[in-house]
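Please treat every number below as a calculation from the coordinates, not as lab data. Computed from a prediction, not measured in an experiment: that's the story for all the values here. Because the Cβ atoms are built from the backbone with ideal geometry, glycine has one as well, and the counts that use them run over all protein chains shown.
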Amino acid sequence: MLALETAIELLEMLGKAAVQLVAQPFYYIAVLFIILQYMRQIRMERQMFAVKLHNWPSLVFKAMLAGLLIGLAVSLAGAFIGVTLTGSAVMWLWAVAAVLMIIRIRYLCFAYSAGIITLLQWLLGWTSLAERTDWLGSLTASLANIDTAGLLVLVALLHLAEAVLVRWQGDRLATPLFLEGKRGKLIGGYMLQGFWPVPLLMLVPANGVGASTSVLPWTPLFGADWSQGWSFVALPMIVGFTEMTRSLLPREKAKHAAKGLLLYSVCLAGAAILAWWQPLLLPLAALTSLLMHEAIIWRSRSREAAQSPLYVNDSRGLRILGIVPGSPASAMGLVTGEILHKVNGMRVRTKQDLYEALVQNSAFCKLEVLNLEGELKFAQRARFAGEHHQLGVILAPDEQANYYASAGPASLLELLRSYHASNRREAQAEKAERLSE
């Protein structure tokens, strides 16, 4: 009977926390940011290849669903770990993240926010600012009450979740690009970019109005005295990653990135647990959060710089950079990274060779393709009137390529400016088209 009452109370407290989550603006801000990012990605695909490889409403829906599932898993793990967080900790996380995002979009990661909060708390602990009665004293006192060790444990859990998401969905979020190589020659590449809004309902020790005083069926590993009461706090979070590759297939790049995130989460969790046991180690844990995150980015870039570009044409034929969904190429089982060697019996070394080979037979298409292992494979299919782009392959760039992707917006303000500028250009183009008619 007692267990049933506790279970009912747990559900009631979860319901209250869910209402708090819905009432907070941070989750909606995260979703809006994700929408802007994916709309920009699809606009870039259209400008560069004149095709739409992704659908932003579908991407956003899948991100929200995956984020919800991951949020449930992290919340369940947090209930047994015992991370002590409050509403003020959430405000601090998002406030610092907002400032960092204005500086650079890639800093929209709570690894940076939590690290900076931990260092600020440690530094201000050497001052007497918390004793002041003005707004500065209130801010300092609020900062001092944050369980920064628990915050870093939460960041480690989120990066473990990110590793799972990247390994699961990372290659499906990849966008082919034309990029400028080291010597100014255009090469092919991929941008892997994913963002997930993660709603968390974290069990926390509490002692006050709205807290439950019933005994939990289990004892969380960390945290304060749980016998004084407990409740749930709503934590809307965002998980995201951006990677660029010129030398790897999208699935290989996603696997490599997931390994780095897994290593980071394990090391940060270890440093945070040590800091919880010995608070003098908090600055070390904060630096681990900041510097090791930069280290995994450096690791990825160093590997890319050390390898030769993959997405270039050579004497064997034309390298496939991407496949248009629903196209004949997709139906024939062609995949990214393969080389078109012969089409309808003709060697193809340029796009013009490909077009001429395709018109040799308007009803049938026979391909000789070098697969990823360099072995020859055959693919053939009847061709039908009205099929998109004849074959439906995006090829590595040649000398006739006129467009390539430059560095994206570094900050949130640049992202918004580029979004509005693109809308103005599209509106002007539509107006000019109507006037010409």
**Study point:** Gap separating the Cα centres of segment 58-103 and segment 311-362, nearest whole Å
**Key:** 44 Å
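So what is the 222 nm mean residue ellipticity for the chain from helices alone, if each DSSP H run of at least 4 adds -39500 (n - 2.57) and you divide by all residues, rounding to the nearest 500 deg cm²/dmol?
-17500 deg cm²/dmol
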Practice item. Relative to the longest principal axis of the C-alpha atoms of the chain, give the angle of the C-alpha long axis of helix 56-81, reported between 0 and 90° and rounded to the nearest 10°. Key: 30 degrees
Check your understanding: What's the center-to-center distance, using Cα atoms, between segment 231-250 and segment 111-185 in Å?
Key -> 13 Å
**Study point:** Among 368-381, 105-118, the order from most to least packed when residues are scored by Cβ within 10 Å on average
**Key:** 105-118, 368-381
Check your understanding: If you count, for each residue, the other Cβ atoms within 10 Å and average over each peptide, how do 154-163, 300-309 line up from highest to lowest?
Key -> 154-163, 300-309
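With viscosity set to 0.692 mPa s and temperature to 37 °C, compute the Stokes-Einstein D of the chain, Rh being the Kirkwood radius across alpha carbon pairs; µm²/s, no decimals.
Working: Rh = 24.6 Å.
Estimated via Stokes-Einstein, D reaches 134 µm²/s.
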Exercise for review: Relative to the longest principal axis of the C-alpha atoms of the chain, give the angle of the C-alpha long axis of helix 250-277, reported between 0 and 90° and rounded to the nearest 10°.
Suggested key: 10 degrees
Practice item. Only Cα pairs under 8 Å and at least 6 apart count here; give the relative contact order of segment 277-383 as a rounded whole percent. Key: 19 percent
**Study point:** Listed residue (Gly374, Gly337, Ser362) projecting farthest to the positive dipole end of segment 318-395, Cβ model
**Key:** Ser362
